[in-house]
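The values are calculated or read from the model by the stated rules, or taken from the named source; none is laboratory data. Just so we're clear, the structure is a prediction, and the values are computed from it rather than from any experiment. Cβ: placed from backbone, ideal geometry, glycine included. Neighbour counts: every protein chain shown.
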Amino acid sequence: MSGKIYLYPIWIRLWHAFNAILIILLIISGVSMQYTNPDNPFIRFDIAVSMHNICGITLTANYAFFLIGTFFTPNGKYYKLTLKGLTSRLIKQFTYYTFGIFKHEKPPFPVTKDSKFNPLQQFTYVIAMFVLVPIVIITGWALLYPEYTLTKVFGASGLTLTDFVHVIIGFFVSFFMFIHVYFCTIGATFVSNFRSMITGFHESH
Ligand code: HEM
């Protein structure tokens, strides 16, 4: 079956474009602060700090926009995880990606208006958007206002612990993004999913 289904309304496309740009800038400025030699920085330290703060604050506003859109429009239904049978659905999709796709089998969960994401997509999007990104945002604000951060947690410095969680989960978000972009190339053609995020129309085979 070939055809186009309108799945990405304009607000999702705008949210997503800002989200992707901001997260890329956060990764660049974050990595620069973390690893560069102070005498020869990738981005001058004070500039990297300002860049990271401004992008983090803007990302928070953009995330609030995503939450409002998700809870107050029909798009929210795509994020409702059904736990019953989840493991077998995930295994089925994973088996398709590792074997079936190379044998030109049909996708086990074709895209429809009622089911925009396959189980692996849905699961990873829920984890990214409702677990990882909120943790990075909350710990980021805690680091911006350290005077309100717990000073001690089980004898360890609260600030160090917050920083540790921020960096580790930030790393997971970066990891998610690379895998996500790779999987987006597995569409009707190499570029069709990327085109969907511009036109709003999903293209099937
Ligand atoms: C260069 C970076 C990125 C590119 C090129 C990209 C590309 C895409 C594409 C092509 C889609 C549509 C196909 C699909 O639904 O899977 C999509 C959807 C999505 N992306 Fe990304 N993405 C990027 C970064 C991110 C980041 C950083 C996040 C989250 C932290 C993210 C979260 C999502 C979510 C949640 C959806 C589904 C939106 C919806 O329809 O409700 N993306 N992305």
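Six or more apart or on different chains, Cβ atoms under 8 Å: show the pairs whose first residue is in the range 10-24 and more than 20 Å from ILE54 (Cβ to Cβ) and whose second is loosely packed, with under 14 Cβ neighbours inside 10 Å and at pLDDT 95 or above.
TRP11/THR73; ARG13/ILE198
With the condition kept exactly as written, say whether any residue in the range 97-106 is farther than 18 Å from TYR8 by Cβ and under 22 Å from the mean Cα position of the chain (by Cα).
Yes, some residue in the range 97-106 is farther than 18 Å from TYR8 by Cβ and under 22 Å from the mean Cα position of the chain (by Cα).
Pairs only if they're at least six apart or on different chains, beta carbon under 6 angstrom, first in the range 175-188 and more than 16 Å from HIS104 (Cα to Cα), second among the hydrophobic types (A, V, I, L, M, F, W, C) and within 9 Å of the ligand (Cβ to nearest atom); list them, first residue then second.
Taking only residues 6 or more apart or on different chains, the pairs are PHE176/ALA128.
State whether one or more residues within the range 26-37 are within 16 Å of the ligand (Cβ to nearest atom) and within 14 Å of the chain's Cα centre (by Cα). Don't jump to the end; show me each part of the working.
Residues of the range 26-37 within 16 Å of the ligand (Cβ to nearest atom): 26-31.
After this cut, where a residue has to be within 14 Å of the chain's Cα centre (by Cα) as well, the list is 26-27.
Yes, there is a match, as at least one residue in the range 26-37 is within 16 Å of the ligand (Cβ to nearest atom) and within 14 Å of the chain's Cα centre (by Cα).
Go through the range 33-68 and count every residue that is touching a helix residue (DSSP H, G or I) at 6+ places or on another chain (Cβ under 7 Å), among the β-branched types (Val, Ile, Thr) and within 19 Å of ILE12 (Cα to Cα).
Residues meeting the conditions: 2.
State whether the residues of the range 74-86 include one that is aliphatic (A, V, I, L, M), without any contact (Cβ under 8 Å) to a residue 40 or more places away in the chain, within 12 Å of the ligand (Cβ to nearest atom) and surrounded by fewer than 17 Cβ atoms within 10 Å (Cβ to Cβ).
No; the residues of the range 74-86 include none that is aliphatic (A, V, I, L, M), without any contact (Cβ under 8 Å) to a residue 40 or more places away in the chain, within 12 Å of the ligand (Cβ to nearest atom) and surrounded by fewer than 17 Cβ atoms within 10 Å (Cβ to Cβ).
For PHE164, are the conditions met, namely being within 16 Å of the ligand (Cβ to nearest atom) and within 26 Å of ILE57 (Cα to Cα)?
On the way: within 16 Å of the ligand (Cβ to nearest atom): no; within 26 Å of ILE57 (Cα to Cα): yes.
When the stated conditions are applied, PHE164 does not pass them.
If you take the residues in the range 121-151 that are more than 9 Å from the ligand (Cβ to nearest atom) and in contact (Cβ under 8 Å) with a residue 60 or more places away in the chain, which one is farthest from ILE169 (Cα to Cα)?
LEU144
Counting only residues that are surrounded by 15 or more Cβ atoms within 10 Å (Cβ to Cβ) and more than 9 Å from the ligand (Cβ to nearest atom), which one in the range 172-191 is farthest from VAL131 (Cα to Cα)?
ALA188
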